[in-house]
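This report refers to the structure that appears directly beneath it.
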Amino acid sequence: MYDVAVVGAGINGCSAAYEFVQEGKNVIVFDKEGIASGGSGAAGAFISPKFSKAGELKEIIEEAFVYSMEYYETNFKHFFTKAQLLHIAKDEAEGESLRVFKAKTTLKLKKPNEELLESLTQSAKEQEYVSLDAGVVNAKEICQKMIAGAKFVSLDVQELVWEDGYWLINESYAARELILATGAYKTIIKEPYIGLRGVWGHRIDVKSKLKNPYSIHQFVSIAPSSDGIIAIGATHNVHYHPQTAKEPYDVKAGREELLEKAARTVKLDAVEVVADYTGLRSGSHDYMPLLGSLVLSKETLECCEKSIRVKKPDFGEFLYYPHLYMINGSGGYGFVLAPYLAKMLKEQILRGKEISPRLSPARFFARWVKKS
Ligand SMILES: Cc1cc2nc3c(=O)[nH]c(=O)nc-3n(C[C@H](O)[C@H](O)[C@H](O)COP(=O)(O)OP(=O)(O)OC[C@H]3O[C@@H](n4cnc5c(N)ncnc54)[C@H](O)[C@@H]3O)c2cc1C
């Protein structure tokens with residue numbers, strides 16, 4: 001019997017597992033494909049803020065950015081590289097957002113140096129940009145390290161049964177608390193209000209003569225070079241989904257697109273692709289993450305449908321799955337958000353601290369009831 005079971009060994013599941021291991025809990029982690037085999041293994045894993053004008057998503061990502069920079073530096077410094085980030089506007093509209101961002105931000109901005117500007121194309125140089133100290137994590141290795149104190153089992157979790165005060169998983173493992181961190185892949189709990197969108201991404205490692213000590217983001221994300229290798233990645237393909245597609249993903253076309261977009265920003269030369277990584281990132285319909293308990297929709301409708309429909313719903317009235325939680329929907333900021341969300345989740349499970357209703361999956365239940 002385990003204290004905590006986590007399904008999904010991406011950055012969300014591994015960050016959650018790490019929190020509980022640090023508290024001395026007996027933790028088991030399951031993944032059907034292996035550690036960091038989903039979106040997390042494909043990610044460039046840049047730790048950066050969101051460069052928009054305003055909004056709650058920008059705010060939560062900024063808080064998480066400050067938290068995660070220190071968290072990775074303190075706990076996983078061998079898997080974390082601090083690197084100056086240069087974010088260049090794609091067009092005039094984004095340029096305007098960056099101007100507002102720069103005018104309002106409390107983050108410390110930096111000037112990019114001449115050497116960096118030299119490696120940019122002329123059109124990139126002409127755009128508005130913002131630069132600050134940020135970081136990159138080594139995605140796969142950090143996930144492995146995070147769950148080193150937990151038991152890892154390679155298992156496709158299909159069946160979850162709540163029985164006598166614990167969760168029985170595939171009839172083989174038992175745990176008191178269950179955390180679902182399954183990313184954009186098929187949900188195990190079938191609840192009609194949970195709708196996560198998967199966006200397909202592709203990252204390539206290329207050999208290049210370009211010596212780039214910076215993270216550069218414009219049409220794609222370009223990582224600092226390490227031993228002559230530069231990682232280039234993007235998640236932008238909303239049409240391809242590995243679980244529903246009729247044709248396999250066209251890796252060659254994906255490579256060409258990434259290289260063409262990177263070449264709009266930096267002067268890349270003598271490029272040879274040495275590795276490809278692909279995966280889905282999952283986003284919610286309002287772009288905010290999903291964190292916390294899941295509503296039992298059938299039972300809650302039976303007890304309180306009227307009050308959900310007529311007034312501002314009180315999430316405290318809903319009925320929830322016992323000891324079951326979700327951490328998901330981090331969009332393109334999974335590595336920024338995961339440590340911050342995992343800490344909140346732990347505080348709720350162990351110490352009863354409330355999670356903001358803006359992050360609670362219950363918000364989607366309330367919307368679903370009103371719509372249907
Ligand atoms: C190309 C690319 C670039 C990105 N760049 C960045 C970036 O620079 N910075 C950033 O912060 N974020 C970035 N992201 C987004 C980030 O990768 C995601 O937000 C993050 O990986 C989500 O992590 P997760 O743990 O929720 O999901 P995942 O990493 O997808 O993990 C879910 C895991 O659950 C497992 N699973 C699913 N169902 C089951 C089941 N039934 N039983 C057992 N296991 C199951 C899957 O095998 C998978 O390993 C990028 C994403 C991509 C694809």
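Only the coordinates and a few stated rules stand behind these numbers; no lab work does. Keep in mind that this is a model prediction, so the values were computed, not measured. Note that each Cβ is placed from the backbone with ideal geometry, even for glycine, and that neighbours are counted across all protein chains shown.
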Q: Putting +1 on Lys and Arg Cβ atoms and -1 on Asp and Glu Cβ atoms, find which of P339, I188, A42 reaches farthest to the positive end of the dipole of the chain.
A: P339
**Q.** 222 nm mean residue ellipticity, helices alone, for the chain (DSSP H n ≥ 4; -39,500 (n - 2.57); rounded to 500)
**A.** -10000 deg cm²/dmol
(Q) Please compare each pair in K151/K346; K82/K111; K50/K346; K58/K346; K108/K140; K77/K104 to a cut-off of 21 Å on the Cα-Cα distance and tell me which ones are over it. (A) K50/K346; K58/K346; K108/K140; K77/K104
Q. For the range 41-133, what size does the Cα cloud have along each of its three principal axes, sorted from largest down, in whole Å?
A. 39, 32, 27
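Of the cross-linked pairs K90/K343; K110/K209; K145/K211, which ones have a Cα-Cα span greater than 32 Å in the structure shown?
Too far apart for the 32 Å limit: K90/K343.
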Q.
In the chain, if the dipole is taken from +1 on Lys/Arg beta carbons and -1 on Asp/Glu beta carbons about the Cα centre, which of V27, L359, S282 is farthest to the positive end?
A. L359
Q. How long is the gain from V153 to E70 if the chain were fully straight, where each residue apart is worth 0.36 nm and the alpha carbon distance is subtracted?
A. 26.9 nm
Q: Treat every Asp and Glu Cβ in the range 51-168 as -1 and every Lys and Arg Cβ as +1, leave all other atoms uncharged, and give the resulting dipole magnitude about the Cα centre to the nearest 20 debye.
A: 500 debye
Q. In what sequence, highest mean first, do 143-153, 182-192, 297-307 appear when ranked by Cβ atoms within 10 angstrom?
A. 143-153, 182-192, 297-307
Q. Where the centroid of each part is defined by its Cα atoms, how far is the range 132-179 from the range 238-316 in Å?
A. 20 Å
Q: Work out the FRET efficiency for S226 and K311 from their Cβ-Cβ distance, taking R0 = 45 Å, and round it to the nearest 0.05.
A: 0.20
Q | Convex hull of Cα atoms in the range 1-70, direction-averaged projection (nm²) | A | 6.0 nm²
Q. Where does the chain land on Rg(C-alpha)/(2.2 N^0.38 Å)?
A. 1.02
(Q) With both bridge residues required to lie in the chain, what share of the DSSP beta bridges run antiparallel, to the nearest 5%? (A) 70 percent
Q) Nearest 20 debye, what's the magnitude of the dipole of the range 193-265 about its Cα centre given +1 on Lys and Arg Cβ and -1 on Asp and Glu Cβ? A) 140 debye
**Q.** Eligible aspartates and glutamates near K370 by straight Cα distance, threshold 20 Å, same-chain separation 8 or greater
**A.** E191, D286, E299, E302, E305, D314, E317
Q.
Using +1 at the C-beta of Lys and Arg and -1 at the C-beta of Asp and Glu, which of V271, P224, S208 has the Cα lying farthest in the positive direction of the dipole of the chain?
A. P224
Q | Share of pairwise Cα separations in the range 44-196, more than 19 Å, in percent | A | 69 percent
Q | Ascending count of other beta-carbon atoms within 10 Å, so fewest first, for D31, D227 | A | D227, D31
Q) On a 0 to 90 degree scale, rounded to 10, what angle separates helix 56-75 from the longest Cα axis of the chain? A) 80 degrees
Q) Got a sec? How would V130, V251, V310, V273 order by Cβ neighbour count within 10 Å, fewest to most? A) V310, V251, V273, V130
Q: Let me know the charge dipole size of the range 152-295 about its Cα centre in debye, to the nearest 20, where only the beta-carbon of Lys, Arg (+1) and Asp, Glu (-1) is charged.
A: 720 debye
Q. Expressed as a rounded percentage, what relative contact order does the chain have, with Cα pairs under 8 Å and six or more residues apart?
A. 23 percent
Q: Please give, to one decimal in nm, the separation of the simple spin-label points placed at R358 and T106, each 7 Å out from Cα toward the Cβ.
A: 1.4 nm
